[in-house]
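K.L.:
Following this message is one structure expressed as structure tokens.
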């Protein structure tokens with residue numbers, strides 16, 4: 001599920017950044033926290049897959065200009081039907097029945113009714129005089145007293161960043177309004193309640209509004225270029241002293257909104273660790289020399305398009321390089337150390353305690369009968385990295401010197417990437433992998449570039465279902481795992497509570513919308529391509545939840561349910577999935593599939609693809625050329641570009657369907673061209 005942070009007109013870069021970073025800190029184990037534009041709110045089907053909509057600080061009038069009417073109707077409907085809304089500062093002014101900002105000030109005044117009216121009265125500000133746009137001149141660290149009878153896990157008072165927020169007028173008059181925090185200090189608004197943070201249920205949904213900025217973190221606060229103010233430095237110091245309590249308060253507010261949160265508020269984003277490149281069969285020394293010879297390495301550092309690299313071999317025992325900046329505020333910007341095992345040795349499990357590289361290569365060797373193929377024969381592993389995909393495809397200069405089949409994996413990604421630019425922290429228990437493919441320019445190369453994602457998605461689901469077997473096509477029990485492909489290449493799994501017999505894995509809805517309740521996404525993937533040196537370089541990146549119970553379920557949780565079914569049938573229990581063996585199975589499958597794909601494209605794989613997917617004979621609504629929806633039945637996909645083939649149920653016309661580009665539901669807004 002998604003947590004959406006509005007980032008359109010009216011927001012400030014600073015407010016969006018604080019908002020996104022704070023929410024990811026508390027929620028990234030369970031939700032994708034995404035900044036979205038006004039066009040998403042207005043035009044895309046975001047409501048069904050969104051757990052929280054957040055309106056950050058900024059200016060309320062531009063919010064009104066963009067969202068009044070259709071946008072606010074969608075937001076109000078979303079909340080009343082069970083969604084959640086969180087408004088910080090301007091986002092709270094926007095959600096009150098009235099906005100009353102600096103009344104009587106001829107330059108600053110903004111006042112008038114607001115459409116959402118989630119708070120039934122006015123939000124009036126400024127609570128403390130001195131606010132200036134694009135400035136910290138009126139900023140302060142304000143102390144608020146917390147209603148611990150409602151938020152019992154919070155301290156009785158906390159400090160928040162404040163800059164222009166207001167007071168929720170007459171809060172005690174409304175029985176359905178809960179005041180979560182009040183300003184402790186004397187305020188410049190005449191109101192006895194001094195409500196700084198309020199909560200209210202609206203329909204089936206929940207709304208939380210703040211006059212302060214509990215989402216602002218001291219370490220992200222920076223003075224504007226024209227400001228050099230000792231007062232602002234004092235504000236930051238006060239916020240730093242009380243940051244732990246601020247995080248506790250924010251966590252409690254998110255829980256109040258019905259969200260799952262990470263319990264540890266003292267956790268920090270881990271630092272990136274070195275990437276170790278090894279192979280028992282390939283010439284790692286040659287790759288290392290090619291990079292050293294062909295790249296413009298200065299004083300030990302190489303600056304690529306996205307990252308700074310340090311390339312070292314085994315002769316360098318220490319990873320540190322002279323003049324390296326170690327203490328960076330943003331861990332994703334740290335120098336990326338790549339250590340090449342040029343002697344052909346494989347790191348021991350003591351060197352890589354969370355991923356046994358020897359186990360991976362030994363299992364790959366077993367599967368391939370001693371003849372390891374091109375894909376996966378070189379493995380790069382990092383305990384912590386930004387994103388395996390970013391490390392490859394965003395850095396084309398080192399990428400062009402890497403061989404096809406080069407594979408990266410990591411235990412933890414701190415900036416994992418998905419479709420539509422989704423970013424998340426990828427925790428332990430999720431197998432994250434990126435593979436480099438190269439496709440030469442030809443008449444069919446454009447088709448291969450597009451359909452590669454289908455091949456890789458199919459290879460991954462086959463690896464999961466064929467796990468434990470060393471013979472192709474012969475399962476040992478894992479083939480009963482209730483997995484399905486969702487077009488084009490996501491993998492969904494039947495939730496354990498719905499998996500009570502082997503027959504349940506064949507229970508697929510007659511419509512594309514009908515599986516959401518029973519199935520959870522367990523694997524997602526994306527593919528990026530670029531043209532270098534007369535070839536297409538494709539980086540496929542996939543992640544599969546092997547053993548982490550968040551946010552929904554994992555392979556091993558569902559496997560436990562399968563083992564209960566097997567036990568009743570007198571069958572032996574199946575061992576849990578191990579990331580090393582699953583990755584080896586995936587790479588062995590890719591080595592089997594890719595030569596066929598190179599020669600014949602996707603066509604030979606379509607029967608197996610259809611066997612694994614949800615969608616045969618499912619009904620789907622399609623946007624017609626005249627704007628009227630058409631009900632169609634899905635028949636398959638085109639082998640050249642993977643478009644859905646569907647038949648109109650009324651006139652039996654065959655259509656080729658493609659998504660309209662929305663970020664949230666690929667089946668919402670399908671458009672067609674005649675076949």
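K.L.:
Residues of segment 73-94 with backbone nitrogen within less than 19 Å of a virtual label 7 Å along the Cα-to-Cβ line of residue 65, please, listed as ranges.
P.N.:
90-94
K.L.:
State, as an integer percentage, the relative contact order of segment 2-256 based on alpha-carbon contacts under 8 Å between residues 6 or more apart.
P.N.:
Over segment 2-256, the number comes to 18 percent.
K.L.:
Restricted to Cα positions, what overall size does segment 442-517 have along the principal axes? Three whole-Å values, descending.
P.N.:
49, 36, 15
K.L.:
For Cα pairs less than 8 Å apart in space and 6+ apart in sequence, what is the mean separation divided by the residue count of segment 275-611, i.e. the relative contact order in percent?
P.N.:
Reported as a whole number, the value is 18 percent.
K.L.:
As an exercise, use a Förster radius of 56 Å and the Cβ-Cβ distance of residue 510 and residue 293 to find the FRET efficiency, rounded to the nearest 0.05.
P.N.:
Values: r = 59 Å, r/R0 = 1.06.
E(calc), rounded to 0.05, equals 0.40.
K.L.:
For residue 77 and residue 472, compute 0.36 nm times the residue count separating them, minus their Cα-Cα distance, and round to one decimal in nm.
P.N.:
137.1 nm
K.L.:
Taking only the alpha carbons of segment 2-256, what extent do you get along each of the three principal axes, in Å, biggest first?
P.N.:
Principal extents (largest minus smallest coordinate, Cα): 47, 44, 40 Å.
K.L.:
Here's something else I'd like to know. What is the spread of the Cα atoms of segment 275-611 along each of their three principal axes, largest first, in whole Å?
P.N.:
Per principal axis, max minus min of the Cα coordinates gives 63, 48, 41 Å.
K.L.:
Order these by the 10 Å Cβ neighbour count, fewest first: 341, 1, 452, 587.
P.N.:
Ascending number of Cβ neighbours within 10 Å: 1, 341, 452, 587.
K.L.:
Can you give me the orientation-averaged projected area of the convex hull built on the Cα atoms of segment 512-582, in nm²?
P.N.:
Mean projected area of the Cα convex hull: 8.0 nm².
K.L.:
I've got another one for you. Using the count of nearby Cβ atoms within 10 Å as a rough guide to exposure, how do 67, 460 rank from fewest to most? Walk me through the intermediate numbers first.
P.N.:
Details: 67 24, 460 27.
Ascending number of Cβ neighbours within 10 Å: 67, 460.
K.L.:
Where does each of 199, 216 land when they are ranked from fewest to most other beta-carbon atoms within 10 angstrom?
P.N.:
199, 216
K.L.:
Right, another one. Between residue 651 and residue 498, what is 0.36 nm times their sequence separation minus the Cα-Cα distance? Round to one decimal in nm.
P.N.:
Result for the pair: 51.4 nm of gain on full extension.
K.L.:
Whole Å is fine, so just give me how far the alpha carbon centre of segment 498-518 lies from that of segment 117-185.
P.N.:
47
K.L.:
According to a simple spin-label model (label point 7 Å from Cα along Cα-to-Cβ), what is the distance in nm between residue 286 and residue 237?
P.N.:
If labels sit at residue 237 and residue 286, their model points lie 6.1 nm apart.
K.L.:
Give, to the nearest whole percent, the P(r) tail of segment 106-177 beyond 16 angstrom, counting all Cα pairs.
P.N.:
On the way: 1615 of 2556 pairs.
Considering segment 106-177, 63 percent of its Cα-Cα pairs are separated by more than 16 Å.
K.L.:
How much space per residue, in cubic angstrom, does the convex hull of the C-alpha atoms of segment 12-103 take up?
P.N.:
Normalising the Cα hull of segment 12-103 by residue number yields 101 Å³.
K.L.:
Mean separation of Cα pairs under 8 Å and 6+ residues apart, divided by the residue count of the chain: what relative contact order is that in percent?
P.N.:
Normalised by residue count, the contact order of the chain is 9 percent.
K.L.:
Next question. If each of residue 631 and residue 343 carries a label point 7 Å out from its Cα toward its Cβ, how far apart are those two points in nm?
P.N.:
6.9
K.L.:
Let me ask something else about it. Kindly express, to the nearest 10 degrees and within the range 0 to 90, the angle between helix 284-294's C-alpha long axis and the longest C-alpha principal axis of the chain.
P.N.:
Roughly 60 degrees, rounded to the nearest 10.
K.L.:
Using alpha carbon centroids, what distance separates segment 339-386 and segment 535-591, in Å?
P.N.:
Segment 339-386 and segment 535-591 have Cα centres spaced 19 Å from each other.
K.L.:
Still on this structure: Report the antiparallel proportion of the DSSP beta bridges in the chain as a percent, rounded to a multiple of 5. All intermediate terms of the calculation are to be shown ahead of the outcome.
P.N.:
Details: 90 of 128 bridges.
Around 70 percent antiparallel, to the nearest 5.
K.L.:
While we're on this one: Find the percent of Cα-Cα distances in the chain that exceed 43 Å, and round it to a whole number.
P.N.:
32
K.L.:
Is it possible to state the helix-based mean residue ellipticity at 222 nm for the chain, with each DSSP H run of 4+ residues giving -39500 (n - 2.57), the sum divided by total residues, to the nearest 500 deg cm²/dmol? What is it?
P.N.:
About -7500 deg cm²/dmol.
K.L.:
Additional query: In cubic angstrom, how much convex hull volume per residue do the alpha carbon atoms of segment 144-207 span?
P.N.:
Spread over its residues, the Cα hull of segment 144-207 gives 106 Å³ apiece.
K.L.:
Separate question: How much length is gained if the chain between residue 621 and residue 48 is pulled fully straight, taking 0.36 nm per residue apart and subtracting their Cα-Cα distance, in nm to one decimal?
P.N.:
Between residue 621 and residue 48, full extension yields an extra 204.7 nm.
K.L.:
How much FRET efficiency would the formula 1/(1 + (r/R0)^6) give for residue 150 and residue 219, where r is the Cβ-Cβ distance and R0 is 22 Å, rounded to 0.05?
P.N.:
0.15
K.L.:
According to a simple spin-label model (label point 7 Å from Cα along Cα-to-Cβ), what is the distance in nm between residue 308 and residue 606?
P.N.:
5.2
Every number in this text was worked out from the coordinates using simple rules, so none of it is lab data. None of the values given here were measured: they were computed from a predicted structure. All Cβ positions, even for glycine, are placed from backbone atoms using ideal geometry, and neighbour counts span all protein chains on display.
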